[in-house]
1. Among the DSSP beta bridges whose two residues both lie in the chain, what percent are antiparallel, rounded to the nearest 5?
2. Considering the options Phe600, Trp399, Met50, tell which one lies farthest towards the positive end of the dipole of the chain, charges being +1 on Lys and Arg and -1 on Asp and Glu at the Cβ, about the Cα centre.
3. Under 23 Å Cα to Cα from Lys184, which lysines show up? Leave out anything in the same chain fewer than 8 places away.
4. Output the relative contact order of the chain, whole-number percent, from Cα pairs under 8 angstrom with separation of 6+ residues.
5. Which whole-angstrom value gives the distance between the alpha carbon centres of the range 288-351 and the range 373-434?
6. So how tilted is helix 171-181 from the main axis of the chain? Cα-based, degrees 0 to 90, rounded to 10.
7. Would you work out which of Phe262, Val205, Cys305 lies farthest towards the positive end of the dipole of the range 196-317? Charges go on Cβ: Lys and Arg +1, Asp and Glu -1.
8. Output the peptides 77-86, 474-483 sorted from most to least packed, where packing is the average of other Cβ atoms within 10 Å over each peptide's residues.
Amino acid sequence: MVESGDKIDALLHETRRFEPPADFQARATISDAAIYDEADADPEAFWARMAGELSWFKPWDQVLDWQPPFAKWFIGGKLNVSYNCLDRHLEKKRNKAAIVWEGEPGDWKVYTYGDLHREVCQFANGLKSLGVQKGDRVAIYMPMIPELPIAMLACARIGAAHSVVFGGFSAESLRDRINDCQAKAVITADGGYRRGNSFPLKATVDEAVAETPSIEAVVTVRRTGTADDLMTEGRDHWYHDLIKDQPLTCEPEWMDSEDMLFLLYTSGTTGKPKGVVHTTGGYLTGAYTTTKFVFDLKEEDVYWCTADIGWVTGHSYLVYGPLSNGATSVMYEGTPDYPDWDRFWAIIEKYRCTICYTAPTAIRAFMRQGEEHPRKHDLTSLRLLGTVGEPINPEAWMWYWEHIGGGRCPVVDTWWQTETGSILITPLPGVTTLKPGSATRPFPGISAEVVDEKGKPVGRGEGGLLVITKPWPSMLRTIYGDPERYKEQYWSRFPNIYFTGDGARTDEEGYFWLLGRVDDVINVAAHRISTMEVESALVDHPAVAEAAAIGKNHEIKGQAVAAFVTVRKEIDPTDALAAELKQHVTKKIGAIARPDEIFFTAELPKTRSGKIMRRLLRDIAEGRAVGDTTTLADPNVIQKLKDQYAETEE
């Protein structure tokens, strides 16, 4: 047991293994592990080879210029992302489905590559008619409707950087992001549908742009028919009117490889949101390559990434990665529980999806509802499953593999961040022996290590800090307008090494096991315990659907483990069950991690992307004023928790 204070105790051990199925491996895009050696021997040559599969108007002069912590990739090269996602496929795939969209009410539409190209060109011409040009920034605040990726691709076509803001954010959040990047235009919709109800967007935009002097135009898609009386003459334009008479072609701008493609704001724990900058050539190379290899894409695949495009997963693995590969991508507007908890499985059955990429949070929610929902549907079209967003606990992995994949589909658990642009640690499904709960190995061409507080590699089996030691093409280039914050945030802890902010360990075979954010480590009597390991031990119990572990001040141990637990719907939470769960954790990972307190709750506070906000749980447990709740999916959860917790403490 490590007690030095500079490592994280790694307590949980998983012994189950799953080899690639023989029939899967026989057809796999990557079936030879030699690709790792090739990429490790010369990462620049590997990435140049993959970039060479894209279409460039002008080839690059130099693969990489690394002036730590600033990188430039494919220097001197010229290309256009919209061209790579659309035009280059038209000769062979004009009539192939590019986006298959389903609205929450059940309406649906298929866009072929020809359809998508035509509408992207029309909207690009419409934006130019409003004065938007190369180098401008455009804010996009929309529901999950096809016009959202169309807007992104139209911006990319004319060289305007887009900044997508998740459609659930407040007017204040939208205002701050617009002002930070000085966007010239906002693209929105009158509203969208969520859990059977329409929600307004145009009214929120109007509130935001009242304090955004840089905005010259607002373009609105008619989705719910609720904003006809909100249009301001001269500033506001209906999307359908704007594109109606536009030419059907629009020449793509030649963009430098290092020109900004998009800004995506990620909220820090303190201070204003950070505008993460991703550029054109390197980002597209990362998104294209990882989509092709990690998801083993085939021409006939129907691929579904369930993420909202307001987050980076939607950017890379719903829009740019699949479309640059010429794939068919499913897009869904609503929530997984409307009209019932089988909506995802109904969509997979309806469109015969072959690949499903979703979040562990969603999987645990499905587990809680029971197996009867997926059993209603024919899921035999699936051949590959993926997870993203946070570490997946082994029991959720096993449930996904068994009840969704039928025990035949490899599960690729992927680790990456908004800042990394594309997947960095992941299995390759035709090569990798899978271990439930492990993201396995760094992607070819990626150099990752687990180090202690001094930056020295820790031993196998020991927990530490996850770092990336060499630059990679899709890495963020800076924080918009604040290069000093970029250096301080990501590069100041260890010289010339990217600090991810996550804890991890490697096992005896070099597989990576993510331990969650370092900020979430619990210090119990000089032992540094990962919240993820405690939570995995709890979810391993058959009564538990979801759990969040935190550290609560303790006068003897410094901190004690407290756990907020959501049980499966048929289970009655009792004191006896709480005692059983404490003992279960002791058995799984040791007495040092035994929770002092188990608190049963119907819901956990989560961000709109599904991440549990442990910081707020700590505030509740310590009796402090609850901090910033602006990114919560449902702020009401906090008050309910506070009331429940107060009752148990009395």
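1. 60
2. Met50
3. Hits, sequence-local ones excluded: Lys128, Lys134, Lys202, Lys244, Lys272, Lys274.
4. 14 percent.
5. Taking the Cα centre of the range 373-434 as reference, the centre of the range 288-351 is 13 Å away.
6. Once rounded, the angle reads 60 degrees.
7. Checking the options against the dipole of the range 196-317, the answer is Cys305.
8. 77-86, 474-483
Quick note: the coordinates plus some simple rules give every number you see, no bench work behind them. Note that the structure is a prediction, hence the values are computed from the model and not measured. All Cβ positions, even for glycine, are placed from backbone atoms using ideal geometry, and neighbour counts span all protein chains on display.
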